[in-house]
Every structure is written in structure tokens, then in C-alpha cells.
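Quick notes on the structure that follows.
What follows draws every value from the coordinates through simple rules; no lab data is involved. It should be emphasised that the depicted structure is a prediction, and the values quoted were computed from it without experimental measurement. Neighbour counts are summed over all protein chains in view; Cβ atoms, including those assigned to glycine, are modelled from backbone coordinates with ideal geometry.
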């Protein structure tokens, strides 16, 4: 079981330890983040949003694929926002990227401003999924795609390794139901083992109507 102070850093990195956590996360989570980008099926002119961008390395890679679109994101860790802005300073200076410190249940972005959105390893920290998911839905244009990546409750190793006071692992069915209740249409669900962890990615879309 990870100590609470380490788990809290995973939720909201801060201080010097937060910078260390950011570097470790960028390396340890690259495979699942890259899989999320793959499932988004990015096009050069897509406008893309990341919920909880953390270290900003995934947005950096997305920017290489989205040459004619706009990228944006929100994270509620001041340390992560600084790290992500430093990593993506060129795209920000070019006006191609906008990274903000914000609560993902109340995003300071306009309705229907994005074609694609994604979030990986964030839902463990949401007391209720629906407020955050409805915000994502609001940002997406009709037929916009959303990819949500997480370790599900079905991963017994995850449940045993992280304190329940900070991390909440939901079943795949729970997350699918929350997406549907929030207004998404679930397109497909992919679950794969990655070394010692089990990962699930759910691909959802905002319907044309509703």
C-alpha cells in the first residue's frame, strides 16, 4: 500500500516532490497515454482538449499530430501547470495551445469548442463522475470523441496498492453507465494488461442531438 502522502501527490502534485512525481508519471504512464491518443484518431485540423494534463508530455505529442488545430487543457495542480507550460512553451507562444489552472468540474472554456477530448488516470479523484463528464460533453462539438483511460476496480492490484481515502477505483460498468447518464454514447471499450496493471480505455461520443 502506498503511503497517504505519496498518494496525495499522485492526486495533486505540489512542491519539490511534485516535480519528481511529474517526471516519474511522464515515464510510467506513457503507454496508456499514447493508447488514448491512438484511440482519438487525431486529424491535423482537430481541436483537442485534455482533462488533467499533468506533466503535459501527452499534449506535447498530440501537438505534433495536430498541426493545424488548437490544443487546450485544465489541471488543478499549480506545479503541473508550470511543468506543462514549460514543456509546451513553443506551442503556447505560437497561440496553438492554452493550458489553465482549473477545476475540471467547472472548466473556463466555451461550449462546443473541441472535436476531441481525453483524460487518463484522473477519475480516481472525482467524488462524482457526472459533473466532470458533463463538462467534457459541453466542450465537445456534436459527434466529438472522448477517450477516458483508467485502472478499473477489476484490477485487484490497483485496489490493494492505493489508499481508498484518496483513490476510488470504479468498475468498468460503473464508468460506462456514468458516461451514458452524462449524455455520451459509448462507442467501444478496450481493456488490456500492461505489465502489472490492468488498463481500460472507453471511447465515447457526443451525440448529434441531445
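What the table below lists for this structure:
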read-out	value
Relative contact order %, segment 4-205, counting alpha carbon pairs below 8 Å whose residues are six or more apart	20
Once the Cα gyration tensor of segment 111-210 is diagonalised, semi-axes √(5λ) in Å	25, 14, 11
Cα gyration tensor, segment 73-135 - rounded (a/c under 1.5), prolate or oblate	oblate
Per-residue Cβ neighbour rank within 10 angstrom, fewest leading, 37, 101	101, 37
Where N is the number of residues in segment 39-152, Cα Rg divided by 2.2 N^0.38 Å	0.97
Geometric extent, Cα atoms of the chain - Rg, Dmax (angstrom)	16.0, 47
Sequence of 80, 143 once ranked by neighbouring C-beta atoms within 10 Å, starting from the fewest	143, 80
Burial ordering of 128, 182, 161, fewest other beta-carbon atoms within 10 Å first	128, 161, 182
DSSP-defined beta bridges in the chain - what % are antiparallel, rounded to 5	45
Alpha carbon centroid spacing (whole Å) that separates segment 127-156 from segment 91-107	18
222 nm mean residue ellipticity, helices alone, for the chain (DSSP H n ≥ 4; -39,500 (n - 2.57); rounded to 500)	-11500 deg cm²/dmol
Of 53, 150, 162, the one that fluctuates the most in a GNM where the chain has Cα springs shorter than 10 Å	162
Relative contact order computed over segment 49-138 (Cα-Cα under 8 Å; 6+ residues apart), in percent	33
Reciprocal of mean inverse Cα separation for segment 143-190 (Kirkwood radius, Å)	12.0
